[in-house]
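**Q** If you scroll down you'll find the structure; I have some questions about it.
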Amino acid sequence: MLIGTSVLAFLVLLVLLAERGGERMWRDHHAAAAYYCGPCDLRYRRDELSNQAERVCPRGHYVDSLRGGFSLSTVAIFTCLGFLALAGLLTATGAVPILP
């Protein structure tokens, strides 16, 4: 059972890291993506907006500025890493047998 949950935690970790890597794809080498459109669920750079003065996306929705800050995905990533480390430690010391 511990091995199955470890595999699941590893897969969740991969998804979280892929999502975090997707954020980095949106960044230029100078600055991060600056605006987010909720109805479209897309991020836009300032030069991609159709009306930069009123901050309107190409489909006509008003966009909000992205704010940096602490992300709950960071907590989830470290929770998965902690669980995998604990599962590996318990398996290596023999506290939890691999086979019944």
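The values are calculated or read from the model by the stated rules, or taken from the named source; none is laboratory data. Bear in mind that the values here come from a model prediction, so they are computed numbers and not experimental data. Every residue, glycine as well, gets a Cβ built from its backbone with ideal geometry; the counts of neighbours run over all protein chains shown. The accessibility values were calculated without ligands, DNA or RNA, using every heavy atom of the protein model including side chains. Shrake-Rupley method; radii C 1.70, N 1.55, O 1.52, S 1.80 Å.
**Q** I need the full set of residues from segment 53-62 which are part of a loop (DSSP other than H, G, I, E, B) and either touching a Leu at 6+ places or on another chain (Cβ under 7 Å) or open to solvent by 70 Å² or more (accessible area, probe 1.4 Å) (or both), in order please.
**A** ALA53, GLU54, ARG55, CYS57, PRO58, ARG59 - these are the residues of segment 53-62 that are part of a loop (DSSP other than H, G, I, E, B) and either touching a Leu at 6+ places or on another chain (Cβ under 7 Å) or open to solvent by 70 Å² or more (accessible area, probe 1.4 Å) (or both).
**Q** Another question about this same structure. Provide a single number: the residues in segment 66-99 that are under 23 Å from GLY4 (Cβ atoms) and in a loop (DSSP other than H, G, I, E, B).
**A** Selection size over segment 66-99: 6.
**Q** Something else about it: I'd like to verify a number: residues in segment 1-14 that are surrounded by 13 or more Cβ atoms within 10 Å (Cβ to Cβ) and at pLDDT 90 or above, how many?
**A** Residues meeting the conditions: 5.
**Q** Can you name the residue in segment 66-100 that is modelled with pLDDT under 85, at negative phi and of a type in the set (Gly, Ala, Ser) and, of all such residues, is most open to solvent (accessible area, probe 1.4 Å)?
**A** Residue satisfying both the conditions and the ranking: GLY68.
**Q** Continuing with the same structure: Show the residue pairs meeting these rules: Cβ distance below 6 Å; 6+ apart or different chains; first residue within segment 27-52 and open to solvent by 50 Å² or more (accessible area, probe 1.4 Å); second residue modelled with pLDDT of 85 or more and of a type in the set (A, V, I, L, M, F, W, C).
**A** Close Cβ pairs satisfying both conditions: SER50/VAL56.
**Q** Here's a follow-up. Modelled with pLDDT of 80 or more and of a type outside the set (A, V, I, L, M, F, W, C) - does that describe any residue in segment 25-34?
**A** no
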